[in-house]
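What follows is one structure encoded as structure tokens, with my remarks underneath.
The values are calculated or read from the model by the stated rules, or taken from the named source; none is laboratory data. Since we're looking at a predicted model, the values are computed, not measured. No Cβ is skipped: glycine too gets one built from the backbone with ideal geometry, and neighbour counts run over all protein chains shown. Ligands, DNA and RNA are excluded from the accessible area calculation, which covers all protein heavy atoms including side chains. Shrake-Rupley method; radii C 1.70, N 1.55, O 1.52, S 1.80 Å.
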Amino acid sequence: MTALVSTDIESKVLSLESNFNKINAYQVNFKRESHFALQILKGNDFLLKTAKAKPESLEAALMNIAAIGITLNPALKEAYLVPRGSQVCLDISYLGLIKLATETGSVIWVQAEIVKEKDNFKYMGVGKMPTHEFNPFGDRGAMVGVYCIAKLHTGEFLTTVMSKEEVEDIRNKSSQASKSGPWVTFFEEMSKKTVIKRASKLWPKSERVQQAVEILNEHEGVEFSSEKAAYTPEASSDMVANESTFKNLRALLVANNKKEDALLKYINTQFKSEITSIDEMSPEMLEASYRAMGGK
């Protein structure tokens, strides 16, 4: 049954225009977003009930749209209003995260793909493109993992991989884990969003991307800073310590306004070593360095 938006809720949404525009640094059109919001509320009885019970959560969700510069336009599928617990939350899709990362110039492009058991997939290291061959029109079998590739402005690549088991571990720690909801209905899309969130820790800093991830973590109940490392020990041993990898790390240092000697001091402390150059790093040190670049 289609919900009817009460005058109170409609008035509440429309009254937010002034506050919305005060924090609107990305030219988001309030009239369009308020129209999308009201249409979404009309189409979801439970969401509307939640908004009526907690109008302040609806306001916070709409303010987040202005804060990060994203849209509820259903045709673009960047973000949604969803009921979560007793709150109305802004849910940002993997497409929305990609849009923010590329629009801010953090990366040139991002691609996230599902790997299935009949695919021919080979991980080449964090600083290289993987190879992934499959028949898009045939039976590829069950999902076994997911990966994300980001191209930096240096021309280098950053590749993040996650097994299905790692994704499920994230899902099980999420407040959304249940017998229904997006993890059940859209597991592959949620897997792509999960690997992009993890990969974004290694990209050159973007306040909008970081804020979007924080919004998602707050409402999804998953804090990536307390999660397992972005790469397992097995993946770490596959990291290729070559010229491209070192160049990529130096580019990240520049992008994050960090000095090589500060990173070396950190690595020497962590590994009780005495290296004097990035070029002397082992694969394990490189992995730790990439993680450090994706820190706070």
Next on the checklist: Yes or no: region 216-235 includes at least one residue that is more than 11 Å from the chain's Cα centre (by Cα), assigned to a helix (DSSP H, G or I), at pLDDT below 60 and acidic (Asp, Glu).
Outcome noted: yes
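Go through region 104-123 and report how many residues are of a type in the set (D, E, K, R) and in a loop (DSSP other than H, G, I, E, B).
Narrowing region 104-123 to residues of a type in the set (D, E, K, R): 113, 116-119, 122.
Filter once more, so that each one left must be in a loop (DSSP other than H, G, I, E, B): 117-119.
So the answer is 3.
Is it the case that region 73-81 has a residue that's in contact (Cβ under 8 Å) with a residue 40 or more places away in the chain, of a type in the set (Phe, Trp, Tyr) and either under 19 Å from GLY96 (Cβ atoms) or open to solvent by 60 Å² or more (accessible area, probe 1.4 Å) (or both)? Walk me through how you get there before you give the answer.
Of region 73-81, the ones in contact (Cβ under 8 Å) with a residue 40 or more places away in the chain are 73, 80-81.
Filter again for of a type in the set (Phe, Trp, Tyr), leaving 80.
So of that shortlist, the ones also either under 19 Å from GLY96 (Cβ atoms) or open to solvent by 60 Å² or more (accessible area, probe 1.4 Å) (or both) come out as 80.
Taking every residue of region 73-81 in turn, at least one turns out to be in contact (Cβ under 8 Å) with a residue 40 or more places away in the chain, of a type in the set (Phe, Trp, Tyr) and either under 19 Å from GLY96 (Cβ atoms) or open to solvent by 60 Å² or more (accessible area, probe 1.4 Å) (or both).
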Item to check | Check on GLY155, open to solvent by less than 20 Å² (accessible area, probe 1.4 Å), in a loop (DSSP other than H, G, I, E, B) and not aliphatic (A, V, I, L, M) | outcome: no
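For region 135-145, does any single residue satisfy the condition of being without any contact (Cβ under 8 Å) to a residue 24 or more places away in the chain and crowded, with 19+ Cβ neighbours inside 10 Å?
At the first step, the residues of region 135-145 found to be without any contact (Cβ under 8 Å) to a residue 24 or more places away in the chain are 135-139.
From the residues that got through so far, the ones that are crowded, with 19+ Cβ neighbours inside 10 Å too are none.
Within region 135-145, not a single residue is without any contact (Cβ under 8 Å) to a residue 24 or more places away in the chain and crowded, with 19+ Cβ neighbours inside 10 Å.
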Checklist entry - Which one of LYS151, LYS122, LYS128, LYS118 is farther than 20 Å from THR102 by Cβ and either in contact (Cβ under 8 Å) with a residue 24 or more places away in the chain or among the polar types (S, T, N, Q) (or both)? => result LYS128
Item to check | Boolean, VAL167 is modelled with pLDDT under 75, open to solvent by less than 80 Å² (accessible area, probe 1.4 Å), among the β-branched types (Val, Ile, Thr) and within 30 Å of PHE46 (Cα to Cα) | outcome: no
Next on the checklist: Please verify whether THR102 is free of Cβ contacts under 8 Å to residues at least 40 places away in the same chain, within 27 Å of LEU90 (Cβ to Cβ) and open to solvent by 10 Å² or more (accessible area, probe 1.4 Å), treating the condition exactly as stated.
Outcome noted: yes
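Across region 182-203, what is the total count of residues that are in a helix (DSSP H, G or I) and either of a type in the set (Lys, Arg) or closer than 16 Å to TRP109 by Cα (or both)?
Taking region 182-203 first, the residues in a helix (DSSP H, G or I) are 182-185, 187-202.
Narrowing the set further to residues that are either of a type in the set (Lys, Arg) or closer than 16 Å to TRP109 by Cα (or both) leaves 192-193, 195-202.
Counting residues in region 182-203 that are in a helix (DSSP H, G or I) and either of a type in the set (Lys, Arg) or closer than 16 Å to TRP109 by Cα (or both) gives 10.
Step by step: first the residues of region 109-127, then only those that are within 30 Å of ALA251 (Cα to Cα) and out of contact with any helix residue (DSSP H, G or I) (no Cβ under 7 Å at 6 or more places or on another chain), then the one that is modelled with the lowest pLDDT. Which residue is that? Give the derivation first.
So in region 109-127, the residues within 30 Å of ALA251 (Cα to Cα) come out as 109-115, 121-127.
After this cut, where a residue has to be out of contact with any helix residue (DSSP H, G or I) (no Cβ under 7 Å at 6 or more places or on another chain) as well, the list is 111, 113, 115, 121-122, 124.
Numbers: GLN111: 96, GLU113: 97, VAL115: 98, PHE121: 97, LYS122: 96, MET124: 90.
The residue in question is MET124.
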Checklist entry - So, in region 250-296, of the ones that are open to solvent by less than 80 Å² (accessible area, probe 1.4 Å), assigned to a loop (DSSP other than H, G, I, E, B) and within 18 Å of LEU152 (Cβ to Cβ), which residue ends up modelled with the highest pLDDT? => result ASN256
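Examine region 27-40 for a residue that is open to solvent by less than 70 Å² (accessible area, probe 1.4 Å) and of a type in the set (Lys, Arg), and state whether such a residue exists.
Initial filter on region 27-40 (open to solvent by less than 70 Å² (accessible area, probe 1.4 Å)): 28-30, 33-34, 36-38, 40.
Filter again for of a type in the set (Lys, Arg), leaving none.
Within region 27-40, none of the residues are open to solvent by less than 70 Å² (accessible area, probe 1.4 Å) and of a type in the set (Lys, Arg).
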Item to check | Of all residues making up region 105-118, the number that are over 16 Å from the mean Cα position of the chain (by Cα) and crowded, with 19+ Cβ neighbours inside 10 Å | outcome: 1
